[in-house]
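Enquirer: Would you mind keeping the following structure in view while I ask a few things?
The values are calculated or read from the model by the stated rules, or taken from the named source; none is laboratory data. Only a predicted model underlies this, so the values are computations on that prediction, with no experimental measurement involved. Cβ placement follows ideal geometry from the backbone for every residue including glycine, while neighbour counts extend to all protein chains displayed. Surface accessibility is based on the protein's heavy atoms, side chains included, excluding ligands, DNA and RNA. Shrake-Rupley method; radii C 1.70, N 1.55, O 1.52, S 1.80 Å.
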Amino acid sequence: LCCQCGVPIPPNPANMCVGCLRAQVDITEGIPKQGTVHFCKQCERYLQPPGTWIQCALESRELLALCLKNIKASLSKVRLIDAGFIWTEPHSKRLKLKLTVQKEVINGAVLQQVFVVEYIVQSQMCEDCHRIEAKDFWKAVVQVRQKTLHKKTFYYLEQLILKHRLHQNTLRIKEIHDGLDFYYSSKQHAQKMVDFLQCTVPSRSKSSQRLISHDIHSNVYNYKSTFSVEIVPICKDNVVCLSPKLAQSLGNMSQICVCIRVTSTIHLIDPRTLQIAEIDGNTYWRHPFNSLFHPKQLEEFIIMDINRVHEKKKGAGAGARSNKHTLAEAWVRKTSELDTDHQYFCCTHLGHILNPGDLVLGFDLANCNLNDEFANKMNPQHIPDVVLIKKSYDRSRRQRRRNWKLKELERDREATDTDDERQYQDFLEDLEEDETIRKNVNIYRNADIPVESDTDDDGAPRISLAEMLEDLHISQDATGGEGAEMLT
């Protein structure tokens, strides 16, 4: 019989029933039933005392461990059997933990008890978010520069940064006339950006630091670091003149080449032989070369006659040739000189897309002054009269039926002009024409523009719907709208 209430029970060391034993002994005594957890709204992290902020999802193992650490000292006197969350509304600012504990009580009897601990989630801004809100506080800056008139490489770089989410740790992004400045709260984040830039675009970098303060008692130094990244001054569709030594090392290429793409390397093609070569950043800085023209000097030509060259004998030591291009010999005439009979003969790598009567953009080398170190020393017979760059399409029609869009970085801009808009349209057209660059860019469908039929197609390259992503818009909270079913 129970010594307290006289109920028949199986024998146990305490000679008491479970009800009386619980009435006599509370094994959860001394364990707090309420607590607080600090949460930063900006970065959605929880404070792990004394000063660490960690990312935790609701009802995750990480958050459970964080809550148990708050009462770890009180749980040392009992044995924790089980712990788990009781569901609460996500916006209630309450976390409830259901704990099961055991403890040895009177005469060796083991008592098990279940109880609930409630945590109040208090908002507190972390130090990193304080610095972001301050706007002007930074410990490291990455200055990205490219000394060119066209920003194609920067537009491509912007899409790579967005795709790999490297802009998340920036305090501020500032746009200036020849580049971008990225501000960071720690040197490690800035170094990560520099490493990313060196892997994605041909560039070189150097760093410096400035002493801000020094605590002589604790020997703590406070520095501001600056990383300078210079991207090679070559963009897509540039005509370049290589040094004789570099052209020979690339498989006896012609010195006059066309840049067809800039990714982690500079991709060049010889319009006379279709020979291709890739130049990385280190090779460029050892043998630097410049663009002969800027994009504003592009002139429009009309194809009078074109003959595709199917067999071209390889020279001694020649390198690889492009399989995506077709070599052709063309007679062209400037659209500004249609009232004359003056025609130009040239070799081009665009034989697969050009036909008689097509308009094409190119550079006139026969009637210009080349102010270049290597071009001035070349034999005039080796310099082509005209270099064709790309086929010309109706730009306004391409803009009207472009049913896709790109995302942009949030940055402090200087005043934008019409030239920037023209350069951005050039970059969008390059995406449509070059599948290789398109693979590295997130392209989103623009639902505001309907999909047109192909009956009025003028042959301009277009991006297929299969390559577009649906832009995600979240307009409701996690519980759905009022009266809606609860999302799980």
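Enquirer: In the set Pro13, Pro32, which member is over 60 Å from the mean Cα position of the chain (by Cα) and either touching a residue at least 60 places away in the same chain (Cβ under 8 Å) or in the same structural domain as Trp87 (by the TED database) (or both)?
Expert: Pro13
Enquirer: So Ile132 clears everything in (1) surrounded by fewer than 14 Cβ atoms within 10 Å (Cβ to Cβ); (2) farther than 25 Å from Ile279 by Cβ except one condition, right? Which one?
Expert: (1)
Enquirer: For the range 344-392, which residues satisfy the criterion of being open to solvent by 50 Å² or more (accessible area, probe 1.4 Å) and touching a helix residue (DSSP H, G or I) at 6+ places or on another chain (Cβ under 9 Å)?
Expert: Leu359, Lys377
Enquirer: A further question follows. Which is among the basic types (Lys, Arg), touching a Ser or Thr at 6+ places or on another chain (Cβ under 6 Å) and buried (at least 16 other Cβ atoms within 10 Å of the Cβ), of Lys187, Lys206?
Expert: Lys187
Enquirer: Within the range 139-149, does at least one residue satisfy the condition of being open to solvent by 40 Å² or more (accessible area, probe 1.4 Å), out of contact with any helix residue (DSSP H, G or I) (no Cβ under 8 Å at 6 or more places or on another chain) and assigned to a strand (DSSP E or B)?
Expert: Yes: the range 139-149 contains one or more residues that are open to solvent by 40 Å² or more (accessible area, probe 1.4 Å), out of contact with any helix residue (DSSP H, G or I) (no Cβ under 8 Å at 6 or more places or on another chain) and assigned to a strand (DSSP E or B).
Enquirer: Do the conditions hold for Glu175, that is, is it surrounded by fewer than 21 Cβ atoms within 10 Å (Cβ to Cβ), assigned to a strand (DSSP E or B), of a type in the set (D, E, K, R) and modelled with pLDDT of 90 or more?
Expert: So Glu175 does not fit the description; no.
Enquirer: Is it the case, given these coordinates, that Ser218 is open to solvent by less than 70 Å² (accessible area, probe 1.4 Å), over 19 Å from the mean Cα position of the chain (by Cα) and without any contact (Cβ under 8 Å) to a residue 60 or more places away in the chain?
Expert: Yes.
Enquirer: Determine which single condition Lys163 fails, assuming it passes every other condition in (1) modelled with pLDDT of 85 or more; (2) open to solvent by 70 Å² or more (accessible area, probe 1.4 Å); (3) in contact with a Phe, Trp or Tyr (Cβ under 8 Å, 6 or more places away or on another chain); (4) farther than 30 Å from Leu66 by Cβ.
Expert: Result: Lys163 passes all but (3).
Enquirer: Being crowded, with 16+ Cβ neighbours inside 10 Å and assigned to a loop (DSSP other than H, G, I, E, B) is the filter here, so list the residues in the range 12-28 that pass it.
Expert: Within the range 12-28, Asn12, Ala14, Asn15, Met16, Cys17, Val25, Ile27, Thr28 qualify.
Enquirer: Something else about it: Name the residue that is nearest to Glu435 (Cα to Cα), counting only residues in the range 243-261 that are under 32 Å from the mean Cα position of the chain (by Cα) and open to solvent by less than 10 Å² (accessible area, probe 1.4 Å).
Expert: Cys259
Enquirer: Please work out which residue is farthest from Leu157 (Cα to Cα), limiting yourself to the range 262-272 and to residues that are open to solvent by less than 40 Å² (accessible area, probe 1.4 Å) and of a type in the set (S, T, N, Q).
Expert: Thr265
Enquirer: Within the range 110-131, can one find any residue that is over 30 Å from Pro32 (Cβ atoms) and touching a Leu at 6+ places or on another chain (Cβ under 8 Å)?
Expert: Checked against the condition, which is being over 30 Å from Pro32 (Cβ atoms) and touching a Leu at 6+ places or on another chain (Cβ under 8 Å), the range 110-131 yields at least one hit.
Enquirer: Same structure, new question: Quick check on Lys236: is it crowded, with 18+ Cβ neighbours inside 10 Å and not aliphatic (A, V, I, L, M)?
Expert: Considered against the rule, which asks whether it is crowded, with 18+ Cβ neighbours inside 10 Å and not aliphatic (A, V, I, L, M), Lys236 comes out as yes.
Enquirer: Scan the range 94-127 residue by residue and report those that are open to solvent by 70 Å² or more (accessible area, probe 1.4 Å), closer than 30 Å to Lys41 by Cβ and not in a strand (DSSP E or B).
Expert: Scanning the range 94-127 gives Gln124, Glu127.
Enquirer: May I pose another question? Please give the number of the condition Ser76 fails out of (1) open to solvent by 60 Å² or more (accessible area, probe 1.4 Å); (2) modelled with pLDDT of 85 or more.
Expert: Going through (1) open to solvent by 60 Å² or more (accessible area, probe 1.4 Å); (2) modelled with pLDDT of 85 or more one by one, Ser76 breaks only (2).
Enquirer: Here's a check for you: in the range 273-311, which residue that is touching a Ser or Thr at 6+ places or on another chain (Cβ under 6 Å) and part of a loop (DSSP other than H, G, I, E, B) is surrounded by the most Cβ atoms within 10 Å (Cβ to Cβ)?
Expert: Leu274
Okay, residues lined up against (1) surrounded by 11 or more Cβ atoms within 10 Å (Cβ to Cβ); (2) modelled with pLDDT under 80; (3) in a loop (DSSP other than H, G, I, E, B):
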site	(1), (2), (3)
Cys3	yes, yes, yes
Pro8	no, no, yes
Gly30	yes, yes, yes
Phe39	yes, no, no
Pro50	no, no, yes
Trp53	yes, no, no
Leu58	yes, no, yes
Leu63	yes, no, no
Leu68	yes, no, no
